[in-house]
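Here the structure comes first, spelled out in structure tokens, and everything after it is commentary.
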Amino acid sequence: MAAGLVALGTYVPSKVLTNKDLETFLDTSDEWITTRTGIKERRIAAENEYTSTLAIQAVEDLIRRHGQAALDGVDMIISATNTPDALFPATACLIQAHFGLNAAAYDLLAGCPGWLYGLSQAYGMVEAGIARKVLVVGAEALSKIMDWEDRSTAVLFGDAAGAAIVGKVPEGYGFRAFALGADGTSAKELHYGCVAPNLPDGTPLSRKGIFMNGREVFKFAVRVMNTATLEAIHKAGLRPEEISLFIPHQANYRIIDAARERLGLPWDRVVVNLDRYGNTSTASIPLALKDALSQGKIQDGDHLLLVSFGAGLTWAATVMTW
Ligand code: ACO
């Protein structure tokens with residue numbers, strides 16, 4: 001047996017915030033946002049919805065799709081998030097309590113690739129026999145930490161959650177390779193402060209919304225999307241043309257296009273849904289994966305390539321056979 005995804009669920013809040021809505025209170029335009037990013041609208045959590053609320057809804061969706069029995073044997077919960085309800089306890093413990101699972105639980109902070117980092121840990125735990133099944137959640141209530149007066153970040157992000165279970169799958173299916181990395185020397189390009197007043201290099205940590213050097217993150221993203229995907233494909237023993245479907249982090253249409261072009265993949269083998277959800281950080285890839293499944297884009301035996309980048313700066317890619 002190998003290890004792979006055995007169940008998936010997602011949740012997006014019902015409130016839609018369009019580019020036109022943003023025009024009413026920010027010095028921006030639908031035209032600017034669309035041409036620079038591809039985003040048309042995003043979802044915003046209700047006042048009483050936080051990351052744990054969204055995460056629990058995503059697990060409820062997983063149960064609706066796969067049955068309550070899907071949670072049987074889950075003895076580890078990893079909640080990948082950049083916007084936990086609290087610094088402690090871990091949001092994963094709130095999920096554990098809600099579903100009454102007999103499971104260990106912890107949060108994982110690795111920027112947007114957090115969900116892919118979580119999958120790699122879950123894979124290792126299942127393969128090593130540390131856990132029978134691992135629930136890996138990617139959930140964000142980014143709207144709660146946004147500076148709604150900062151047009152350079154407020155237009156980019158959205159709230160959402162995705163939840164998957166990693167467990168045993170038949171030989172020949174499941175995860176084939178991971179390529180993970182980090183470069184903390186570029187930490188200053190993307191941050192949101194908490195305990196310390198500044199980074200070790202003296203950069204004051206942003207406390208009023210996310211600080212992002214968009215141009216630097218853009219260049220970094222284009223570079224690591226390329227190197228990480230090629231590394232994962234190579235480790236999986238495949239060639240780029242053997243990738244059936246490319247599911248990249250949904251941050252910017254131009255970044256996705258650059259990665260797609262370098263891999264030599266046609267658009268019909270790429271999943272894009274950022275126009276409807278914006279950048280939902282750790283929830284972005286499970287959301288895109290579920291969309292692809294709902295649209296019948298994934299067949300038995302397909303090789304899927306997933307890749308993400310984000311704050312840290314970090315990156316992660318994986319290749320799995322569905
Ligand atoms: N509306 C209108 N104008 C704007 C807006 C806006 N919302 N935001 C910025 N501008 C202006 C700028 O002020 C600038 O004006 P100037 O030339 O007079 O100074 C101009 O538009 C161009 O700004 P740039 O930053 O150069 O625009 P760029 O083409 O680089 O696009 C963007 C900006 C969309 C942020 C892009 O750099 C990007 O997508 N970067 C990557 C971001 C990303 O993927 N982040 C992921 C984070 S993941 C995580 O872990 C949280």
Does any residue of the stretch 94-105 turn out to be within 19 Å of the chain's Cα centre (by Cα), touching a residue at least 40 places away in the same chain (Cβ under 8 Å), within 16 Å of the ligand (Cβ to nearest atom) and not in a loop (DSSP other than H, G, I, E, B)? no
Is there a residue being without any contact (Cβ under 8 Å) to a residue 12 or more places away in the chain and away from the ligand (no atom under 12 Å from the Cβ) anywhere in the stretch 144-157? no
Set 161, 122: member being touching a residue at least 60 places away in the same chain (Cβ under 8 Å) and within 16 Å of the ligand (Cβ to nearest atom): 161
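One line per residue, one yes/no per condition, for (1) assigned to a helix (DSSP H, G or I); (2) within 11 Å of the ligand (Cβ to nearest atom):
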| residue | (1), (2) |
| --- | --- |
| 195 | no, no |
| 218 | yes, yes |
| 226 | yes, no |
| 234 | yes, no |
| 246 | no, no |
| 257 | yes, no |
| 265 | no, no |
Would you tally the residues in the stretch 19-67 being within 16 Å of the ligand (Cβ to nearest atom), of a type in the set (S, T, N, Q) and within 19 Å of residue 283 (Cα to Cα)? 2
Given the structure, is residue 216 closer than 30 Å to residue 33 by Cα, touching a helix residue (DSSP H, G or I) at 6+ places or on another chain (Cβ under 9 Å) and buried (at least 20 other Cβ atoms within 10 Å of the Cβ)? no
For the stretch 59-67, does any single residue satisfy the condition of being over 30 Å from residue 254 (Cβ atoms), outside the structural domain of residue 281 (by TED's automatic domain parsing) and touching a Lys or Arg at 6+ places or on another chain (Cβ under 7 Å)? no
Single residue of the stretch 201-216 satisfying the filter (within 17 Å of residue 185 (Cβ to Cβ) and polar (S, T, N, Q)) that is nearest to the ligand (Cβ to nearest atom): 213
Within the stretch 252-272, tally of residues that are under 15 Å from the mean Cα position of the chain (by Cα) and either of a type in the set (Lys, Arg) or more than 15 Å from residue 33 (Cα to Cα) (or both): 3
Give the number of residues within the stretch 302-318 that are over 14 Å from residue 236 (Cα atoms) and assigned to a loop (DSSP other than H, G, I, E, B). 3
I'd like to know if the stretch 180-193 contains one or more residues that are within 16 Å of the ligand (Cβ to nearest atom), assigned to a loop (DSSP other than H, G, I, E, B) and loosely packed, with under 15 Cβ neighbours inside 10 Å. yes
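The values are calculated or read from the model by the stated rules, or taken from the named source; none is laboratory data. Bear in mind the structure is a predicted one, so any value in this text is a computation, not a measurement. All Cβ positions, even for glycine, are placed from backbone atoms using ideal geometry, and neighbour counts span all protein chains on display.
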